[in-house]
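The block underneath contains the structure these notes are about, expressed in structure tokens.
The values are calculated or read from the model by the stated rules, or taken from the named source; none is laboratory data. Here the structure is a predicted model, which means the values were calculated and not measured. With ideal geometry, Cβ positions are generated from the backbone for all residues, glycine too; neighbour counts draw on all protein chains shown. The area values use the complete protein model at the heavy-atom level, side chains included, leaving out ligands, DNA and RNA. Shrake-Rupley method; radii C 1.70, N 1.55, O 1.52, S 1.80 Å.
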Amino acid sequence: MKVEHIKKYVSGILQQEDINSPHKYNTQRIINNYNIQYVADIGAAEGFFALDVIDYVKKVYIFECDGEWAEALEKTFSPYTEKIEIIRKYVGGEDKEENITLDRFFENLPLDCIKADIEGAEVSMLNRGGQTLKKILLAIICTYHRQNDAKDIYNILQKEGFKTSFTPGYILFLYDKELGEPWLRRGVITGEK
């Protein structure tokens, strides 16, 4: 990346950390209110969420299939090799080749919290993650990729016994591929037990 592009990208990430951002994961609340020890950062991209919690937990499972991101994540988390595992698989609704379900991966592993931003595969991931959802305390899921994600993810989390809340505000899509017009969507839902 060119320096100007990096500056713009980092600025965008930092804007998401504003307390009123609809895309804020609110990691301080996670750290302060729960004894979270095992975290899955699903769709880690640059690893900002994992980096925010790494000093407070025993293990972070970082899921990122994009080769460039995965390589950068290995360098970013090199001081934490004993606390992280980078998994180059998509998490979703099937188990094959480079895809895996939540339940399959975490069948025999401890897990307290999932954060997922997986470009519209969140509902599919949750639908094939029922056993995992039963054992975790916290789910932080992006809800803006598809028109019905907020409602569908809310319903799944409610059914699994989570108390849910959305981040404040909405994300404005100037052009929505599904609708062919602008659309406002909720950013992130948190489910707590």
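So, restricting to helices (runs of 4 or more DSSP H) that lie completely within the stretch 1-53, which ones have at least 3 residues that are loosely packed, with under 15 Cβ neighbours inside 10 Å and of a type in the set (D, E, K, R)?
Helices (runs of 4 or more DSSP H) meeting the threshold: 3-16.
Among the strands (runs of 3 or more DSSP E) lying completely within the stretch 89-193, list those that include at least 1 residues that are open to solvent by 60 Å² or more (accessible area, probe 1.4 Å) and modelled with pLDDT of 95 or more.
163-166
Name the pairs: first residue in the stretch 61-86 and closer than 16 Å to I114 by Cβ and touching a residue at least 24 places away in the same chain (Cβ under 8 Å), second residue open to solvent by less than 40 Å² (accessible area, probe 1.4 Å) and of a type in the set (D, E, K, R), Cβ to Cβ under 6 Å, at least 6 apart or on different chains?
Going by the 6 Å Cβ cut-off, the qualifying pairs are I62/D41.
Filter the stretch 54-83 down to residues that are aromatic (F, W, Y) and either part of a helix (DSSP H, G or I) or over 24 Å from G12 (Cα atoms) (or both) and give me whichever is least open to solvent (accessible area, probe 1.4 Å).
Checking each candidate, the answer is Y61.
List pairs: first in the stretch 154-171 and more than 13 Å from I140 (Cβ to Cβ), second of a type in the set (K, R) and crowded, with 17+ Cβ neighbours inside 10 Å, Cβ under 7 Å, 6+ apart or cross-chain?
Note: pairs meeting the criteria are Y170/R185; Y170/R186; I171/R185.
What tally of residues in the stretch 25-52 results from selecting those that are touching a helix residue (DSSP H, G or I) at 6+ places or on another chain (Cβ under 8 Å), at pLDDT below 85 and not polar (S, T, N, Q)?
Residues meeting the conditions: 3.
Here are some residues: D95, D117, D103. Which one is touching a residue at least 24 places away in the same chain (Cβ under 8 Å) and farther than 22 Å from T27 by Cα?
Result: D103 is the single residue among D95, D117, D103 that is touching a residue at least 24 places away in the same chain (Cβ under 8 Å) and farther than 22 Å from T27 by Cα.
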